[in-house]
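A.B. asks: Can you keep this structure in mind? I'll have questions shortly.
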Amino acid sequence: MITGIKGMNDILPGEVETWQYLEEQARRIFAAYGFAEIRVPVVEKTDLFCRSIGESTDIVEKEMYSFTDKGGTSITLRPEGTASVMRSFIEHKLYAQDPVARLYYLGPMFRYERPQKGRYRQFHQIGAEAIGIDDPRVDAQLMAMLTHYLDEVGIRDVELQVNSLGCPECRPAYRQALIFFLQPQLEALCEDCRRRWCTNPLRVLDCKVPGCREATAQAPSILDHLDTPCADHFSRVRAALEDLAVPFAVNPRMVRGLDYYTKTTFEVVTGNLGAQNAVAAGGRYDRLIQDLGGPPLPGIGFAMGLERLVLLKGEERIAPPRPALFLAALGEAAGRQAFRLMCSLQRRGLRAETDFEGKSLKAQMRRAGRLQARFVLILGEEELARQIGQLRDMDAGTQEEIALGELAERLLERLGQRETLDAVR
Ligand code: HAM
């Protein structure tokens, strides 16, 4: 037997309905905030991720699926969506029509991490990027959209945490302050953090190892090192969030695992997912588009981890659609009629099922029960001669005679809803 790859999951019927629901709600809600979908390839030139995410990040240092293709080019399965979306935005000069763009995307991402609950090697993100405006109200609006989405899909018990990481003008001084602070404590840090101390010291604040947490408990705060424009931006973001009544907490220890961030960063965290506590995360990246060879346009965005949302939905999963009707036929002629009726109902958008194996009525009723059919139509020779059927309401346990010519109309009437598959959800 050939099995799937570790950390890469199948999404099976019964689970997929929750995925579809979460995706549909994102499309609906993001559209209301003016976001259009963009679809980009799942592979890019490796260089794109090195330049945007940063050479000294965990993602680029050790988590990328990179290959040399048959033409000798190093390509990488995308570990995130922002870099690809910016590459596409620049390549297609989308800014020429309008420097303000709101784009969203969904799809698989790939990181070679150690798999555990909520952390996989192929995982899925729904992300949104707002390009072209650096007004703090845009930061607040994006976080309001994220909160609105999570609330709408029933994700509760989460906290929005915000921070500012400053900019390339003020961050180096903070970085230096942190290096000084950590130097006498190097021995207490884990091996990874000893390496990070000189390559990416801010990441030490993010380490989950207890020794590192203890060593950094009194670390200086980035918020005390912001220059005036960054501090002003951050205070206006907070004011705008308060204005929109979006609850949040300031977390000055939040550093992100990607280097492109400037100013505002944020995460939505939960206590219900063990170590993988971030449901969604994002921030501002005012230099990224320029660094990738585009015009000097600011941007801000976030991505949610779909697997984590599905885990949080837990028992509240969306039920698969039930068949509207199971046609239980007895005898060859009735079987042919049932097959014709089934196909015509399906063309009208009603999920209908029948038996293909000439089983007994009892066996067919059992199957209808297993499929949780809403109605069963019993069609024997006598019924066929009179062009009628016995329609059994499986929920109410009642049965009535109906004319076959009126089957679709009567069913739709009884289902009392639109003429689509949704009718039996
Ligand atoms: P990120 O924090 O690396 O940010 O990932 C965003 C979210 O993706 C995480 O909060 C988590 O829910 C989910 N996620 C990440 N890695 C995994 C994994 N191995 N397994 C399952 N879920 C995972 C970004 O990717 C940025 N591109 C977000 C962004 C957009 N910033 C600005 N625009």
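A.B. asks: Going residue by residue through region 174-192, is there one that turns out to be in contact (Cβ under 8 Å) with a residue 40 or more places away in the chain, buried (at least 18 other Cβ atoms within 10 Å of the Cβ) and outside any helix (DSSP H, G or I)?
C.D. replies: no
A.B. asks: Also, I was wondering about something else. Quick test for you: out of Ile29, Ile38, Ile2, pick the one residue that is farther than 30 Å from Cys193 by Cα, exposed (fewer than 12 other Cβ atoms within 10 Å of the Cβ) and not aromatic (Phe, Trp, Tyr).
C.D. replies: Ile2
A.B. asks: Ala303 - would you say it is in contact with a helix residue (DSSP H, G or I) (Cβ under 8 Å, 6 or more places away or on another chain) and buried (at least 21 other Cβ atoms within 10 Å of the Cβ)?
C.D. replies: yes
A.B. asks: If you don't mind, another one. List the residue pairs whose Cβ atoms are under 8 Å apart, where the first residue sits in region 299-316 and is at pLDDT 95 or above, the second is of a type in the set (D, E, K, R) and near the ligand (Cβ under 6 Å from one of its atoms), and the two are 6 or more positions apart or on different chains.
C.D. replies: From region 299-316, the pairs are Gly299/Glu129; Ile300/Glu129; Gly301/Glu129; Ala303/Glu80.
A.B. asks: Do you know which residues across region 299-317 are β-branched (Val, Ile, Thr) and under 16 Å from the mean Cα position of the chain (by Cα)?
C.D. replies: Selection gives Val310 alone.
A.B. asks: Would you please name the residue that is surrounded by the fewest Cβ atoms within 10 Å (Cβ to Cβ), looking only at residues in region 319-356 that are hydrophobic (A, V, I, L, M, F, W, C) and part of a helix (DSSP H, G or I)?
C.D. replies: My answer is Cys343.
A.B. asks: Working only within region 275-318, note down all residues that are away from the ligand (no atom under 11 Å from the Cβ), outside any loop (DSSP other than H, G, I, E, B) and on the phi > 0 side of the Ramachandran plot.
C.D. replies: Scanning region 275-318 gives a single hit, Gly314.
A.B. asks: If you don't mind, another one. Between a first residue in region 400-415 that is under 12 Å from Leu384 (Cα atoms) and touching a residue at least 12 places away in the same chain (Cβ under 8 Å) and a second residue that is in a helix (DSSP H, G or I) and not hydroxyl-bearing (Ser, Thr, Tyr), which pairs have beta carbons less than 8 Å apart while being 6 or more apart in sequence or on different chains?
C.D. replies: Within 8 Å, the pairs are Ile402/Arg410; Leu404/Gln337; Leu404/Leu341.
A.B. asks: Please determine, by comparing only the residues of region 112-145 that are farther than 30 Å from Ile11 by Cβ and β-branched (Val, Ile, Thr), which one is nearest to the ligand (Cβ to nearest atom).
C.D. replies: If we take residues in region 112-145 being farther than 30 Å from Ile11 by Cβ and β-branched (Val, Ile, Thr), then Ile131 is nearest to the ligand (Cβ to nearest atom).
A.B. asks: Answer yes if at least one residue in region 139-151 is of a type in the set (Asp, Glu) and either farther than 23 Å from Ala245 by Cβ or in contact with a Leu (Cβ under 8 Å, 6 or more places away or on another chain) (or both), and no otherwise.
C.D. replies: no
The values are calculated or read from the model by the stated rules, or taken from the named source; none is laboratory data. Only a predicted model underlies this, so the values are computations on that prediction, with no experimental measurement involved. Note that each Cβ is placed from the backbone with ideal geometry, even for glycine, and that neighbours are counted across all protein chains shown.
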